Amino acid sequence: MIHLKSSREIEDIRTSCRLAAEAMAAVQREVRPGVTTGHLDDVADDYIRSQGGTPSAKGYRGFPKSICVSVNEVVVHGIPGDRVLSEGDILSVDIAVKKGGYHGDMNVSFAVGEPTEEARRLLDATSQSMELGMQACVTGNRLGDVGHVIQSFVEGEGYSVVREYCGHGIGRAFHEEPQLLHFGQPQTGRRLEPGIVFTVEPMVNQGIPDVTVLEDNWTAVTGDGKLSAQFEHTIAVTENGPDVLSRFDDLPF
Ligand code: MF3
Ligand code: CO
């Protein structure tokens, strides 16, 4: 069952998203060659707790750290640790926060130093696919319309959409209904209506869509070792179109 959110609840989710976005900005300032992914985790964890929030990922199904940091061929759920960032890496940073009883969730992919041409192209296409998907989140459209818009754009750019991980409802729980597949057929799936709050978070691979999960049972890597990128926002479907709850005028995401 989908819990439709009141405008009060939507504002509570926006508050948690605000904290996630501020933590993202703090992390962004630290992204440079020579820095470890564990350092980025510390920066986010410290900031979130200093503002009275808790990182949603920590302990979620046993996840050991506070954020996910996925470098290059890592698609999703990279565990922060000793890995040192190098010039030209791309890394996706996933930050989810719980505050005041509600969760907010976002993901941004960054280039470390100067991106290669192929990395820049992948980052731009992934971000653009998320934007197009969010724009399709209007009352009357169906979930399949959103997935279709994302898939068509991504494949038109010569990339592939990861199938194993999806967007999700969010609120009092980190993951709620509905699930949003980032691929699909137009005019299929549940109809969107005001009060639905979920994430749009396409993972886009340079090569084949397949992923492999490593021995740690979290880290998902591309089946062919090529690059992967991801962007994510939390959005509310409203009478006036999509409201991007994790986007703020004074922050660049
Ligand atoms: N934003 C990701 C998601 O919605 C982060 C998962 S946190 C983890 O699934 F703990 F599951 F890794
Ligand atoms: Co998410």
Being polar (S, T, N, Q) and over 22 Å from His77 (Cα atoms) is the filter here; which residues of region 151-185 pass it?
Ser152, Gln185
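So which of Val27, Val75, Val43, Val71 ends up being touching a Ser or Thr at 6+ places or on another chain (Cβ under 6 Å) and modelled with pLDDT of 95 or more?
Working: Val27 fails: touching a Ser or Thr at 6+ places or on another chain (Cβ under 6 Å); Val43 fails: touching a Ser or Thr at 6+ places or on another chain (Cβ under 6 Å); Val71 fails: touching a Ser or Thr at 6+ places or on another chain (Cβ under 6 Å).
None of the other options fit; the residue is Val75.
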Per-region count, region 3-25, residues more than 18 Å from Glu193 (Cβ to Cβ) and more than 18 Å from the chain's Cα centre (by Cα)
2
Tell me which residues, restricted to region 230-252, are acidic (Asp, Glu) and over 15 Å from the mean Cα position of the chain (by Cα).
Glu239, Asp243, Asp249, Asp250
Check on Thr219, closer than 19 Å to His103 by Cβ and either touching a Lys or Arg at 6+ places or on another chain (Cβ under 9 Å) or within 16 Å of ligand 1 (Cβ to nearest atom) (or both)
no
Would you check if there is a residue in region 220-228 being in contact with a helix residue (DSSP H, G or I) (Cβ under 9 Å, 6 or more places away or on another chain), crowded, with 19+ Cβ neighbours inside 10 Å, within 21 Å of Ala125 (Cα to Cα) and among the hydroxyl-bearing types (Ser, Thr, Tyr)?
yes
I want to confirm something. Restricting to region 168-196 and keeping residues that are charged (D, E, K, R) and not in a strand (DSSP E or B), which single residue is farthest from ligand 1 (Cβ to nearest atom)?
Glu193
Segments classed as strands (runs of 3 or more DSSP E), wholly inside region 59-121, with at least 1 members that are in contact with a helix residue (DSSP H, G or I) (Cβ under 9 Å, 6 or more places away or on another chain):
68-71, 90-99, 102-111
Can you tell me which condition Ile67 does not meet? The list is (1) more than 14 Å from Phe231 (Cα to Cα); (2) more than 16 Å from ligand 2 (Cβ to nearest atom); (3) touching an Asp or Glu at 6+ places or on another chain (Cβ under 8 Å), and all the others hold.
(2)
Criterion violated by Glu30 - all others in (1) assigned to a helix (DSSP H, G or I); (2) surrounded by fewer than 20 Cβ atoms within 10 Å (Cβ to Cβ) satisfied:
(1)
Select from region 197-219 the residues that are touching a helix residue (DSSP H, G or I) at 6+ places or on another chain (Cβ under 9 Å) and part of a loop (DSSP other than H, G, I, E, B) and list them in ascending order.
Glu201, Pro202, Gln206, Asn217, Trp218
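The values are calculated or read from the model by the stated rules, or taken from the named source; none is laboratory data. Nothing here was measured: the structure is a model prediction, and the numbers come from that model. Backbone-built Cβ (ideal geometry, glycine too); neighbour counts: all protein chains shown.
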